[in-house]
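Every read-out reported here was derived from the displayed coordinates using simple, explicitly stated rules and does not represent laboratory data. Keep in mind that this is a model prediction, so the values were computed, not measured. Counting neighbours? That spans all protein chains shown, and the Cβs are built from the backbone with ideal geometry, glycine included.
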């Protein structure tokens, strides 16, 4: 029975030192953070009103959710207009619960904004 040599089983690479492992981890983590930061920057560039707002991740997420809810409600209004004109929109419908939840959340946000003005 022949024994496997290190070169045959792929273990011929030298082991990483603890410092090399740490540096690899630091590089990987930095790359991950940069990817997240780039994603937030892309969102901020898409969402109206985010220009010049700084880069608070919480602010970007809040504004993105609000914008998406507004778009869903606007889409529903357009769908209602299309139905009124006789177009079949049955294959393009969003779940009623989704539309209603967006409307309710936008009303809550507007109410909170008004309370903040008082």
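If you run the Gaussian network model on the chain, springs between alpha carbon atoms under 10 Å, then out of 95, 14, 48 the most flexible one is 14.
Secondary-structure-derived ellipticity at 222 nm for the chain, considering helices only, amounts to -24000 deg cm²/dmol, per-run term -39500 (n - 2.57) for DSSP H runs with n ≥ 4. The order of 18, 76, going from fewest to most other C-beta atoms within 10 Å of their C-beta, is 18, 76. Can you tell which of 64, 98, 89 shows the greatest fluctuation in a Gaussian network model of the chain with Cα springs below 10 Å? Between 64, 98, 89, it is 89 that shows the largest mean-square fluctuation.
Taking every alpha-carbon pair in the chain and binning the separations at 10 Å intervals from zero gives 10, 21, 21, 16, 10, 10, 8, 2, 0 percent. When the Gaussian network model of the chain links Cα atoms closer than 10 Å, the mean-square fluctuations of 20, 29, 80 top out at 20. Exposure proxy shown here: for 91, 21, the number of other Cβ atoms within 10 Å sets the order, fewest to most, as 91, 21. Across the chain, Cα pairs under 8 Å and at least six residues apart give a relative contact order of 17 percent. Rounded to the nearest 10 degrees, the inclination of helix 18-46 to the longest alpha-carbon principal axis of the chain is 20 degrees.
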